[in-house]
Amino acid sequence: MIERNLIEKTLTEALKTGGEFAEVFVEDKRASSAMFDDGKVEELSSGRDRGAGIRVVVGETTGFAHTADISEEGLLTAARAAASATRSAGAGSHPKPLEVVTAPSPNIVEIFPELVEKRRKVALLTQADEIARSQGAAITQVSARYGDSRRKILVANSDGVFATDDQVRTLFSVSCVATGDTGMQTGRESIGRPIGFELFDEVDIEDLAQRAAQRALIKLNARPAPSGTMPVVIGSGGGGVLFHEACGHGLEADLVNKQASVFAGKIGETVASELVTLIDDGTMSHEWGAFAIDDEGRPAQRNVLIENGVLIDYMWDGLRSRNDGRSSSGNGRRQNYQVLPMVRMTNTYIANGETNPKDIIEDTAEGVYVAHLGGGQVNTATGDFVFGMTEAYLIENGEITEPIREGNLIGNGPEVLNRIDALGNDFDMGSPGTCGKDGQGVPVGDGTPTLRVTSLTVGGTAG
Amino acid sequence: MQEELLRVAESVVGWANENEQVEVVAVHGKETEIRVYQGEIESFTAAESHGIGIRVVHGGRQGMAYAGTLEEKALAETFAEARDNASFGTPDQFMSIAEPDGVEPVSLELLDPALGSFANEEKIAMALELEKSICAADERIIGVESTEYVDSINTSAIVTTTGIRRASYEGGCYLAASSLATDGTDTQTGFGYSVGRNPHQLNIQKASDEAAERATRLLGAKKAESGRRTVILDPYVTAQFLAIIGSTLSGEALLKGRSLFADRDGDQVAASFLTMIDDPTDPDSFTATEVDGEGLASRRNVLIEEGTLTGFLHNSYTARALGTVSTGSAVRSYNSSPGVGPLALTLIPGERSQNQLIEEVGEGMLIQGIAGLHSGVNPVSGDFSAGAEGLMIRGGQLAEPIREVTIASTLQRMLLDIQNIGNDLERLPMMSTGVSIVVSDIMVSGA
């Protein structure tokens, strides 16, 4: 994307005012999408964003500037702007010679998005609309969206790291509205992988559209969700959001270092039921949060965070690991070149258990079964977190019975982790997610087997 | 900058052939973000960015393309992509670029020269002072997780083949902090902020007091018993609900059968004293703007008047499709085509302070913060359920702190169950203005 000697020149310029560390992050991203709604192909859109972000670190201070002008003049101007914020008394240092860092990509792309004719993308949308509407006259509205992106990055820093990655992602979603006597209900399904158009060789659009429509239809007959504390069984796949919120964010070193996490200072301690082994794995082949190189030039890693209930390690980016005299865990990510990297999750999941999921439900007298989760949110300092249920049922006498309406569940991370008393043997990854932190969104994956929490607060309206 | 953006947009519009309509949006943003931590600058970001969005409509089909640069070569590529994308849409008789509607924008003077001339050293000093002030406010404050000063100046120009040619700019700044407090066993967080058009309007003391009080008053919080209660929503919480209610009143939701208020025009949908307006022409509103996303003059729209639903928001497309006129409510960024939504929502304030409302309510709960609204509100069905924290109200006074509960109802019921509106309008760094409201019969789920 940019000549090596220009990168070196930029790093040298960035260190001139006494910086201890400098980094150049160059990104060239192309994205395209096609939107179908209300019976029409509404719009195709394509875009390109290209630029560089430069940071300079002195002591505890980071100076940052970005530019869409990646000519020599543009890069040097940005380097000086980043350096000016961190002017120190020290003499200027020189960057180490660049050495190429490589890592095998967990994602093998066969059909790059730019090589796919637009009409093929559009055809998928029309197909999804037809299938969803055929599920019943009560389906009154359908929208479908196709999106792809190709993001090339180059990261180089004054420690001598020089790395590149080429990240492709393809995403497809269907949303339905069903209308009945009790008003409108919605159902959504999505699939996404860090690969190209070959995604649609392995994914059945019909199946996806059917499930979205059925989700909306089921809820037409749903009763209000119960209210109060009760056992909750979470189905395999989508349940990963629970861990993403209950402890994932709390294990990010930037929050831990500021004492803004309930998990600060607990390495080596038992923080969860012994059934729980939590892993964050950026190398997980073809999963939504996977990549070869993180946004700081570090190869993706598989990191065991909690093993049999014991806290093993946090997740780290470059800045936080430097301060702690250790190496990054490959979790330094950023939304785009216009922002600083932070500690972020990749694919976060709970390792498989041993129990037959059927037995878990039969063993639950009364409670709620959550088949599909929506998003969530956590306050890492208190550990309190919420997550939404987009498809859920009552459990009565060990059986899944009536559907219930949407709502949030609320719990406290450390408490909930200790209340997991059953773990199924049916591990699966969930839907592609976008994790938001500090206003930045990055693609993440999650997964779990079926599991039971002995008590969680269900936030419905039924007394 | 305005002239430069207009020139670029005009040159691209000039490439249109006679069979197509073209709309070009060109934007420029300048932002400073300063974060401080433990008396040091944690990060200093100086950012400047450009963007262009091009929409081509041909035979009732639209295509969109964008780029994060104004380079000549990129403009040509982007235009070609937009034109190509337009050939794949389904022909739609109502699809067209907006046309001038004769409404002149109100001059709001949203860029205060004092913002551009404020020195970086002074911005840094303000952030440091805020952090110091919070730490000194209460001995239970153990730190401030993040303290930031942010300012931005945004300029945009929009030019179309249909005769629209407008530019606008807006500047604003804010201070925000999130404090950490502990009583030895329990830890709580609290945020505080202050917004302004220029840094001289920022109130460090207000931001500090709020951040300290919000964290310390929650220390020792417990779950509440489940039950139906009357709650008071803090201004910040009300503002988040307003944004969602506003989105259900979009012409797009109506047109596509996704509005829970379809066929309710003229009905009583809220308490009789409630008036909700979307008024981007109020310069005190943080998101005030002179023009909307299609280059039409922004305007004051009354959505609910004394409890009666009086209208929906429209852009030029939804207006055309539904046989009405645009309300100047096109929302978009350079990388999207125009949607429809509120630009600056507010309720007309009532007469009581929050303290008076607490006294009048007698028994209930003050909701200080909510979590998970993005996953807990369904704007199509109206069901909502959100994580909540706050303080019990007993005997007309604030009592013990509460955490880890949810509040749930439907948006439809909540609007009708509003018992009172406070006089404490609060400008927030977001699209809606906050004010305390009293809502009865909310299900609180806890122990």
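Taken together, the values in this text are just the output of simple stated rules run on the coordinates, not laboratory data. These numbers come from a predicted model, not from an experiment. Every residue, glycine among them, receives a Cβ derived from its backbone with ideal geometry; neighbour counts consider all protein chains shown.
Quick check: pseudo-label points 7 Å beyond the Cα along Cα→Cβ at B:VAL325 and A:SER84, how many nm apart are they?
Using points 7 Å along Cα→Cβ, the separation is 4.8 nm.
With N denoting the number of residues in chain B, provide Rg(C-alpha) divided by 2.2 N^0.38 Å, to two decimal places.
1.05
May I ask you to order A:244-251, A:258-265 by the average number of other C-beta atoms within 10 Å around their residues, highest value first?
A:244-251, A:258-265
How would the protein assembly as shown be classified by its alpha-carbon gyration tensor: rounded, prolate or oblate, with rounded meaning a/c under 1.5 and the a/b versus b/c comparison settling the rest?
rounded
Where the convex hull is taken over the Cα atoms of the range B:37-121, what is its projected area averaged over directions, in nm²?
Answer in nm², one decimal: 10.6.
Alpha carbon centre of the range B:326-366 versus the range A:1-36: separation in Å?
So the separation of the two Cα centres works out to 41 Å.
Just how far, in whole angstrom, is the range A:38-77 from the range A:189-222 if you go by their alpha carbon centroids?
When both Cα centres are located, 33 Å separates them.
Using R₀ = 51 Å, calculate the FRET efficiency as 1/(1 + (r/R₀)^6) where r is the Cβ-Cβ separation of A:ASN5 and B:ARG300; round to 0.05.
The formula returns an efficiency of 0.30 here.
What FRET efficiency comes out for the pair A:GLU117/B:SER152, r = Cβ-Cβ distance, R0 = 45 Å, nearest 0.05?
Between A:GLU117 and B:SER152 the formula returns 0.65.
Run the quick spin-label model on A:THR434 and A:THR182: label points 7 Å from Cα toward the beta carbon, then report their separation in nm to one decimal.
3.1
Nothing charged except the Cβ atoms of Lys and Arg (+1) and of Asp and Glu (-1): what's the magnitude of the dipole of the protein assembly as shown about its Cα centre? Round to the nearest 20 debye.
Result for the protein assembly as shown is approximately 480 debye, rounded to the nearest 20.
Using only the alpha carbon atoms of chain A, find the Kirkwood hydrodynamic radius as the inverse mean reciprocal pair distance, in angstroms to one decimal.
Kirkwood hydrodynamic radius for chain A: 23.5 Å.
Could you pull out the GluC sites (Glu not before Pro) across the range B:345-404 that fall in loop regions by DSSP (anything but H, G, I, E, B) with no more than 12 other Cβ atoms inside 10 Å?
Filter output for the range B:345-404: B:GLU351, B:GLU363.
Under the rule a/c < 1.5 gives rounded, and otherwise a/b versus b/c splits prolate from oblate, where does the range A:227-459 land using the Cα gyration tensor?
Verdict is prolate for the range A:227-459.
Taking only Cα atoms of the range A:375-463, what ratio of Rg to Rh do you get with Rh as the Kirkwood inverse-distance radius?
Result: Rg/Rh = 0.97.
Mean residue ellipticity at 222 nm from the helices of the protein assembly as shown, using -39,500 (n - 2.57) per DSSP H segment of n ≥ 4 over the full residue count, to the nearest 500 deg cm²/dmol?
-6000 deg cm²/dmol
If the reach is capped at under 14 angstrom between alpha carbons, list the aspartates and glutamates near A:LYS219, excluding any in the same chain fewer than eight residues apart.
A:ASP181, A:GLU391, A:GLU402, A:GLU406, B:ASP383
Rounded to two decimals, what is the ratio between the C-alpha radius of gyration of the range B:68-192 and 2.2 N^0.38 Å?
1.74
What percent of all Cα-Cα pairs in the range B:377-447 falls in each 10 Å bin, counting up from 0?
The calculated distribution, bin by bin, is 17, 41, 39, 3.
Quick one: if you take sqrt(5λ) for each eigenvalue of the C-alpha gyration tensor of the range A:123-267, what semi-axes come out, biggest first, whole angstrom?
37, 28, 11
May I have the convex hull volume per residue, in Å³, for the Cα set of the range B:1-66?
Enclosed volume per residue, from the Cα hull, is 89 Å³.
Restricting everything to alpha-carbon atoms, can you work out Rg to Rh for the range B:79-149 with a Kirkwood hydrodynamic radius?
Here Rg/Rh amounts to 1.35.
Below 8 Å between Cα atoms, with a sequence gap of 6+, how large is the relative contact order for the range A:227-459 in percent?
31
To make sure I understand the rule: partners must be aspartates and glutamates, Cα under 15 Å from the Cα of B:LYS223, and not fewer than 8 residues away in the same chain. Which ones qualify?
Leaving aside aspartates and glutamates fewer than 8 places away in the same chain, those within reach of B:LYS223 are A:ASP384, A:GLU415, B:ASP186, B:GLU389, B:GLU400, B:GLU404.
Provide the FRET efficiency to the nearest 0.05 for the A:ASP363-A:ARG326 pair, computing r from the beta carbons and using R0 = 35 Å.
So the FRET efficiency works out to roughly 0.25.
With only alpha-carbon atoms counted, please give the Rg and Dmax of the range B:136-187, in Å.
Cα radius of gyration and Dmax of the range B:136-187 are 21.6, 66 Å respectively.
Can you sort A:MET342, A:MET1 from fewest to most other Cβ atoms within 10 Å of each residue's own Cβ?
Listed from fewest to most nearby Cβ atoms, that is A:MET1, A:MET342.
Can you give me the distance in nm between label points at B:ARG165 and B:GLU351, each placed 7 Å from the Cα along the Cα-to-Cβ direction?
The modelled label-to-label distance comes out at 5.3 nm.
Using Cα centres only, tell me the gap between the range B:1-22 and the range B:237-270 in whole Å.
35
If the cut-off is a Cα-Cα distance under 12 Å, which aspartates and glutamates reach A:LYS437, setting aside same-chain residues fewer than 8 apart in sequence?
A:GLU245, A:GLU252, A:ASP254
How compact is the range B:2-216 by the rule of thumb for globular proteins, expressed as Cα Rg over 2.2 N^0.38 Å?
1.37
Over chain A, what relative contact order in percent results from Cα pairs under 8 Å that are six or more residues apart?
So the answer I get is 16 percent.
Return the subset of A:LYS266/B:LYS132; A:LYS9/B:LYS123; A:LYS29/A:LYS121; B:LYS132/B:LYS206 for which the Cα-Cα distance in this structure is over 24 Å, preserving the input order.
A:LYS266/B:LYS132; A:LYS9/B:LYS123
What percent of all Cα-Cα pairs in the range A:282-363 falls into each 5 Å bin, going from 0 up to the bin containing the maximum distance?
Result returned by the calculation: 3, 14, 20, 20, 15, 10, 6, 5, 4, 2, 0.
Per residue and in cubic angstrom, what volume does the convex hull of the Cα atoms of the range B:221-447 have?
113
Based on alpha-carbon positions alone, could you give the equivalent ellipsoid semi-axes of the range A:38-180 from the gyration tensor, as √(5λ), descending, whole Å?
47, 18, 14
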